[in-house]
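> Dropping the structure in here first, questions after.
What follows is calculated from the coordinates using simple rules that are stated; it is not laboratory data. Note that this is a predicted model, so its numbers are computed, not measured. Every residue, glycine among them, receives a Cβ derived from its backbone with ideal geometry; neighbour counts consider all protein chains shown.
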Amino acid sequence: MSSTLAVEIVNLVLQAAFSRRKDGCHAKFLFGPPGVPRALFNVGAEVFYSRAGLAKAALVARQTGPLYLRSLPLSEVERQLTDFVSDTYWAMAPHVFGQVFEGSYADHVPDTVRDELALILASSPLLSPTDFPTIYPLVPIVVKADFEAPPFFLTSADTLSSRLVGIEHGLAPAQFPPIASWEGRIERPASWLGVRSPAQSSAKRVRNAVLGALALLPHPLERHMFSGRNMFGGSASFRGSVSVSFGRPCTPAMSENLSIEAGDAQWLELLALKLVDSNVLVRRQMRALEYFYRAWPLPEVERFPVLFMALDAVFGDASQHTQAVVDAISSSIGVGYDVKRLKLLMKLRAAVIHGGAPDVYDSSNYAKYFGDYGKDPIGDLERIAARCIQAVVFEGKQASRRHTYADLLKERLGYEP
């Protein structure tokens, strides 16, 4: 990580640190020289912080530091910065310990010490993090062709290897938790989604983007067709030791399994590249996938505004203007929805997003849309959002699957849904 950024953050943190009480934000800790075990620290110190100053330092770190920091709450970045001060207090102690003075630490810590602190910060886990794997069990996702890239991997349950999770012994890949010695509750996943990231919170954001991409794959008529099948969720992180937790299922209880096959590698590789890209437009695209994932298990009325958030993320500021978003949609998906129809859909968006109709069904434009076009605007919006994301994010390399029973339905109905 850039030493210039480390210098900037150190200066901001020192400007936010004081020997006198500021506004209630402070840290008490024991400190000692480097190389001495913490258990032997026997000298205590207390540092007071300006909340605004500490937040400013954390914002700079979060916005310009490693990409994973943007997934952390600001309070977590602030905590890591105050921990850094506590851990390196030994370097500042000759100039500030036991003293009460006006002004901040920045007025009393000499440049030579600041440079030393910047070097330590630049090589610290905060600015030079180490990735570790976190794996998530998937129930209705069947991986027929394993995929692996630096930020994430998808494997079938029984092909999860010790190499992927970084342990040599004791892995039980076909069960969750995947620990051979586990004696508690055991579930059987169909596949695994693994994410390599420096923090579990950032791993979860990557997981959500990947699952948002997978949510685009089912046929629109099957995407929200759920069953009563047994579901489970959780995660296992491998960072020296193994940390396991059960939680909510990663996906809805889909009626039909979704298969990942060799032909999916092309768009999965593109997704892997974009997940580690810090470009502003690309970050918006990843947020669009997260919104689409968020909408996946929701009932129709709750899904509607979230799908518009996905569109907003894809098209950025242009989506604030009706004509601009209509033009953007038309250029992305081509024919299929005329301008008048799209504008009426945008009016529904305005009513729901801006408080005119808390429930989309309450809007007069809902009945008008249904009457004019004979289609449910919620279903139309989902098709539009999915096609726009596939066109913009995946550059046309991803398409939704055929309906599982397309041939049977064509035989019975005379057309393919």
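> Name the residue from 175, 304, 220 whose Cα lies farthest towards the positive end of the charge dipole of the chain, charges +1 on Cβ of Lys and Arg and -1 on Cβ of Asp and Glu.
304
> Could you grab the relative contact order for the chain? Cα pairs under 8 Å, six or more apart, rounded to a whole percent. Can you show the working numbers first?
Details: 643 pairs, mean separation 53.6, N = 417.
About 13 percent, as a whole number.
> Same structure again: What FRET efficiency would be calculated for the residue pair residue 87, residue 362, taking the C-beta separation as r and a Förster radius of 51 Å, to the nearest 0.05?
Efficiency, rounded to the nearest 0.05: 0.40.
> I need 267, 182, 192 ordered by Cβ neighbour count within 10 Å, fewest first.
182, 267, 192
> Another question about this same structure. Using 7 Å Cα-to-Cβ label points, what is the residue 248/residue 172 separation (nm, one decimal)?
2.8
> Something else now. Rank 286, 49, 384 by how far each Cα sits towards the positive end of the charge dipole of the chain (+1 on Lys, Arg Cβ; -1 on Asp, Glu Cβ) and give me just the farthest.
About the Cα centre, the residue reaching furthest to the positive side is 384.
> Now, a different point. Relative to the Cα centre, what is the charge dipole magnitude of the chain, using +1 at the beta carbon of each Lys and Arg, -1 at the beta carbon of each Asp and Glu, and rounding to the nearest 20 debye?
560
> If I model a spin label as a point 7 Å beyond the Cα along the Cα-Cβ vector, how far apart are those points for residue 116 and residue 232 in nm?
The modelled label-to-label distance comes out at 5.3 nm.
> Take every Cα-Cα pair in region 132-275 and report what % of them are more than 23 Å apart.
30
> In debye, nearest 20: dipole of region 135-291 around its Cα centre with unit charges on the Cβ of K, R (+) and D, E (-)? Could you put the intermediate results ahead of the total?
Numbers: 16 positive and 13 negative charges, 123 e Å.
The dipole of region 135-291 has a size of about 580 debye.
> Additional query: Taking a label point 7 Å from the Cα of residue 338 along the Cα→Cβ vector, which residues of region 351-386 have an amide N closer than 16 Å to it?
369-375
> Might you report the magnitude of the Cβ-based charge dipole of region 217-349 about its Cα centre, with Lys and Arg at +1 and Asp and Glu at -1, to the nearest 20 debye?
The calculated dipole for region 217-349 is roughly 420 debye.
> Taking 0.36 nm per residue of sequence separation and subtracting the Cα-Cα distance, how much length would be gained by fully extending the chain between residue 298 and residue 181, in nm to one decimal?
38.4 nm
> As an exercise, use a Förster radius of 22 Å and the Cβ-Cβ distance of residue 410 and residue 255 to find the FRET efficiency, rounded to the nearest 0.05.
Once the sixth-power term is evaluated, E becomes 0.70.
> For residue 172, what residues show an amide H to amide H distance below 5 Å, using hydrogens built from the backbone and excluding near sequence neighbours?
Residues meeting the amide H criterion: 179, 180.
> Moving on. What's the extension gain from residue 399 to residue 158 if we count 0.36 nm per residue and subtract their Cα-Cα distance?
84.0 nm
> For the chain, what does -39500 (n - 2.57) per DSSP helix run (n ≥ 4), summed and divided by total residues, give at 222 nm, in deg cm²/dmol to the nearest 500?
Working: 15 runs with 186 residues, N = 417.
Using -39500 (n - 2.57) per qualifying helix, the result is -14000 deg cm²/dmol.
> May I pose another question? For residue 204, go through the lysines and keep the ones whose alpha-carbon is under 17 Å away, minus same-chain ones fewer than eight residues off.
Result set, ordered by chain and number: 274.
> Extending each Cα 7 Å along its Cβ direction at residue 331 and residue 354, get the distance between those two points in nm, one decimal.
About 2.4 nm separates the two model spin labels.
> Taking a virtual spin label 7 Å from the Cα of residue 108 along the C-beta vector, which residues in region 82-99 bring their backbone nitrogen under 13 Å of it?
Within reach of a label on residue 108, which here means backbone N under 13 Å from a point 7 Å along Cα→Cβ, region 82-99 contributes 92-99.
> Further question: Within region 132-275, what percent of beta bridges assigned by DSSP are antiparallel, to the nearest 5?
Close to 90 percent.
> For each of 186, 141, count neighbouring Cβ atoms within 10 Å of the residue's Cβ, then give the residues from fewest to most.
Ordered from fewest to most neighbouring Cβ atoms within 10 Å, 186, 141 come out as 186, 141.
> Which ordering of 64, 155 is given by a fewest-first count of other beta-carbon atoms within 10 Å?
With the fewest neighbours first, 64, 155 line up as 64, 155.
> Right, here's the next one. Over all pairs of distinct alpha carbons, what does the Kirkwood formula give as the hydrodynamic radius of the chain, in Å?
24.5
> Right, here's the next one. Among the lysines, which fall within straight-line cross-link reach of residue 347, defined as a Cα-Cα distance under 17 Å, with same-chain neighbours fewer than 8 residues apart omitted?
368, 375
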